[in-house]
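This report refers to the structure that appears directly beneath it.
No lab work stands behind these numbers, since they all come straight from the coordinates. Owing to the predicted nature of the structure, the values given are computational and were not obtained by experimental measurement. Don't worry about glycine lacking a Cβ; one is built from the backbone with ideal geometry, like all the others, and counts go over all protein chains shown.
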């Protein structure tokens, strides 16, 4: 940076000495050293700028790496409520689009602007020693530029914010529709989706054109001010020479300095597009970084082993104020019991298991794990004793072994294979040439929905949890696979607490405890035989209705 400043300041001074001393005064002995120095300046400038650009690029890339890493870590610490409300496209746009915009600014000409600003302050001091009048005139031009900046830049920033919001919506829409491509094709909605995409893309493009027009106006005005000021220095400087208030060399130096002094302003105008986008992107990144994190750690108690006793003691919970989801819910589950949660959509089944994972803090009441308040436990240590098989199977772009051992990275290959075969993945292992080392993903091995579900079950089996949660774990399996899974899961679920969420009641008749929920309350609970003995019971009605429908379907 210091080398660049010396080069920028040296060139006008060399020209001034050459004119005033060599040409005007005939001091030709200075010609050779001055010309050598003048010829070496470009090479010195190139060397200094190469080192500077490389250093700035290296530091910029490191900063971007740290920002992207911090964002990724923070996303995994965000509160579940924020994750559920924010679209994946919106979050990905922060990591990808906004960080990329910062990278463009940090590794482009913008860092050079800082060098030019520092150099400019030194130039002002030198210019004041050469001509106060020309320097003050330069300040008038800079003042006009600042007025232009003050008026136009807020407008540019406002439009840029609108454009980024449009991109968020377009990204979320695209991701959603691409994920549902098969649904789009099955209903012959390709043309409709294309029209909808064109409409949303047009709205974003229209805002972008407005942004470009405003930015172009700002750039043109800045250029006019810059070159107008530059011309005024030449004209006024010539008059001052005629009046013998300044030398020819000083005027030449002032002209060169004026160009270099106004260059940062011109450069700022040219980079205003990137700077404003970066400013908006930075605001959006900070918005995500300031989003609420997961519920704070309040307990540090680590249980040596968890048996699996779970007690809900008059629990109340709501996602939004005034909209209760669980109301005065009490439920006692003993270690090793299999509990089936039954009820219509929205009755609170998923919320109940989310509270067991402590994704949310209970508003009122207590949730006890082996007699300990869940709020007093070290949450990360506690979650090691839990495992879940979600309704929608989650498979990562990794090997089959890495997917199965995701919850237990140190598992042996024998343990992984045993878990896979217990989950009826044996045929898949035998089919794949590389077995556990086969890489899964769109570009590699693809699994059917049922196989993906069984892989998630194998993942839970290998984790060997004290509390196992099955969120409609067999909903994606065919009848044959479901029967095989039921046999395997009966062995796996033995001697551990299991919560099962299932709509098909025929799969839970052997559960130790069936809990019928409605409106966030426990309506009925008991074994299958006990609930079927209630004449007008809700469970009996649901079971009978499903059984009758199944019989009619088989008959048909």
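Listing for the model above:
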read-out	value
Full-stretch length increase - residue 241, residue 376 - with 0.36 nm per residue and alpha-carbon distance subtracted	40.2 nm
Pairwise FRET efficiency - residue 363 versus residue 448, Cβ, R0 = 60 Å, nearest 0.05	0.90
Residues 301, 525, sorted so that the one with the fewest Cβ neighbours within 10 Å comes first	301, 525
Residues residue 521 and residue 429, FRET efficiency given R0 of 45 Å [Cβ-Cβ distance, rounded to 0.05]	0.50
Gained length - residue 70 relative to residue 38, 0.36 nm times residue gap less alpha-carbon distance	6.8 nm
Cβ crowding within 10 Å averaged over residues, with 528-539, 249-260 ranked highest first	249-260, 528-539
Prolate/oblate/rounded label for segment 492-547 (Cα gyration tensor, a/c 1.5)	prolate
Mean separation of Cα contacts under 8 Å (6+ apart) over length of segment 393-464, as relative contact order %	51 percent
Tensor-based shape of segment 305-396 (alpha-carbon gyration tensor, a/c under 1.5 rounded, otherwise prolate or oblate)	rounded
Whole-number D in µm²/s for segment 283-359 (Stokes-Einstein; Kirkwood sum over Cα pairs; 20 °C, 1.002 mPa s)	139 µm²/s
Space enclosed by the convex hull of the alpha-carbon atoms of segment 123-213, per residue, Å³	108 Å³
Gyration tensor (alpha-carbon) shape descriptor, segment 393-464, a/c threshold 1.5	rounded
